[in-house]
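Each remark here refers to the structure printed beneath this line.
The values are calculated or read from the model by the stated rules, or taken from the named source; none is laboratory data. Just so you know, these numbers come straight off a predicted model, no measurement behind them. Every residue, glycine as well, gets a Cβ built from its backbone with ideal geometry; the counts of neighbours run over all protein chains shown. Ligands, DNA and RNA are stripped out before the accessible areas are found, and what is left, the full protein with its side chains, is counted by its heavy atoms. Shrake-Rupley method; radii C 1.70, N 1.55, O 1.52, S 1.80 Å.
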Amino acid sequence: MRVTIVVPVWNRQERVVRTLDSIAASICHHFELVVVDNGSTDDSLAVCQQWAWTHRDDGFPIQVLSELRQGAAAARNRGLQACQTEYVYFFDSDDLMSPDFVGDVMEVLYSTSPDMLFAPVCMEVRGKKKVRDYVRDVDVPEHIITSMMDTLSMVFNTQWLRGIGGWNESVTVWDDWELGARALLAKPTIYWMEGKAYHQVLVHDESLTGACFSQSWQAQLQALRSVLVAIKHAGRLTDDERRRCLRSLYLRVKIGEGFMRRERCQEGAAAYRQLAKDIIPHPSKPLLMCGMLLSSYTAVGGRGAWRLALRLC
């Protein structure tokens, strides 16, 4: 059994070699590597091709592909299309892989064969490391609020991921959050790895998330609306589960409205308020008050609103 590691690359000529070197340094080589250049305007493609040639005898297959349709989701889907292994894993082109990750994952996959595997990851911000917050639960509302299913935490059964549609190419930010929500709505079997956190997720000035929350509010709404549609059409939810998912999405949107207000983005705040009405047109008075509280708390600079939202959803 092997896993395919897919690395989308866009204008990372100065960083991608360090990432690829960290993958090549894996103790276990039971993987195939697919690097997908996403129409880079720098020398990323040539750098990746040269790296692949240099490492051609390292003991694992390497493909370097091109995908001209813009967006990480399109590049990841190109890698998913090329995947010939039972499992697939998506890694970012500016982070560093733990040398024991592949071996630990393969040991679990051999014995359990889940639809998904979750692995905790370690973030590094300004030189300080911390384990990314997560809740060990398959409950969809938990993920909707906390975004615990990020790209580097999810390993997928390849056919299962293809069956739920892969990555949504219309979603350009929060695409891992959107995919995580759709995946959990399909009620997969999940193995939760514990005991250690993996990788160095490097948060830096060139990260694609933007300098402020309101910078990408239109794209955020696209991701939120995609999850709203997925909740409404999920065939395996009970009525109560669907109501809880909608409440959690409503509360997340109210937190987002608070960020818009904090950054004085009136158009974004109005769009978030309208989306909340679209999710639950006639909220109960307690839910309405909770939403107002989360929005106002976030607007004045309050931190950790998601913890309060978890108690309310």
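Averaged per residue, what accessible area in Å² does the chain show with a 1.4 Å probe, protein chains only?
Working: 14550 Å² over 313 residues.
That works out to 46 Å² for each residue.
Roughly how big is segment 193-313's charge dipole about its Cα centre, with Cβ charges of +1 (Lys, Arg) and -1 (Asp, Glu), in debye to the nearest 20?
Values: 19 positive and 10 negative charges, 100 e Å.
Computed charge dipole of segment 193-313: roughly 480 debye.
Using Cα springs under 10 Å in a Gaussian network model of the chain, which residue among LEU246, LEU68, LEU117 shows the largest mean-square fluctuation?
LEU68
Pull out the extension gain between MET1 and GLU86, defined as 0.36 nm times the separation in residues minus the alpha carbon to alpha carbon distance; nm, one decimal.
On the way: separation 85, 0.36 × 85 = 30.60 nm, distance 0.70 nm.
Here the segment from MET1 to GLU86 would lengthen by 29.9 nm.
On C-alpha positions alone, give me the angle between the axis of helix 266-279 and the longest principal axis of the chain, in degrees, nearest 10.
80 degrees
If you take the charge dipole of the chain about its Cα centre, with +1 on Lys and Arg Cβ and -1 on Asp and Glu Cβ, which of VAL253, GLN63, HIS29 is farthest toward its positive end?
Value: VAL253.
In degrees, nearest 10, range 0 to 90: what is the angle between the Cα axis of helix 44-54 and the longest Cα principal axis of the chain?
Orientation of helix 44-54: about 40 degrees from the principal axis.
Over 25 Å between Cα atoms: which of LYS129/LYS187; LYS130/LYS232; LYS129/LYS196; LYS187/LYS277; LYS187/LYS285 fall into that group?
On the way: LYS129/LYS187 32 Å; LYS130/LYS232 35 Å; LYS129/LYS196 13 Å; LYS187/LYS277 27 Å; LYS187/LYS285 31 Å.
Where the Cα-Cα span goes over 25 Å, the pairs concerned are LYS129/LYS187; LYS130/LYS232; LYS187/LYS277; LYS187/LYS285.
Would you tell me the accessible area of CYS28, worked out with a 1.4 angstrom probe on the heavy atoms of the protein chains, in Å² to the nearest 10?
Surface open to solvent at CYS28 totals about 30 Å².
Taking the chain as the reference, fit the longest principal axis to its C-alpha atoms, fit the long axis of helix 72-82 to the helix C-alpha atoms, and give the angle between the two in degrees, 0 to 90, nearest 10.
Here the helix axis deviates by roughly 50 degrees.
What FRET efficiency comes out for MET289 versus ASP139 if R0 is 25 angstrom and r is the Cβ-Cβ distance? Round to the nearest 0.05. Walk me through the numbers on the way to the answer.
Details: r = 23 Å, r/R0 = 0.94.
Calculated value: 0.60.
DSSP beta bridges in the chain, what fraction antiparallel, as a percent rounded to 5?
Values: 11 of 34 bridges.
Here the antiparallel bridges make up roughly 30 percent for the chain.
Using the Cα atoms of segment 215-281, I'd like the radius of gyration and the largest Cα-Cα distance, Dmax, both in angstrom.
12.4, 40
Using 0.36 nm per residue, how much length does the chain from VAL229 to ARG311 gain when fully extended, once their Cα-Cα distance is taken away? Please report the intermediate quantities before stating the final value.
On the way: separation 82, 0.36 × 82 = 29.52 nm, distance 2.42 nm.
Answer, rounded to one decimal: 27.1 nm.
Under a Cβ-only charge scheme (Lys and Arg +1, Asp and Glu -1), can you give me the dipole magnitude of segment 1-49 about the Cα centre, in debye to the nearest 20?
Values: 4 positive and 6 negative charges, 38 e Å.
With only Lys, Arg, Asp and Glu charged at Cβ, the dipole is about 180 debye.
For the chain, which whole percent of the accessible surface, found with a 1.4 angstrom probe, sits on carbon and sulfur atoms? Mind showing how you got there, number by number?
Details: 7320 of 14550 Å².
Heavy-atom surface of the chain belonging to carbon and sulfur, 1.4 Å probe: 50 percent.
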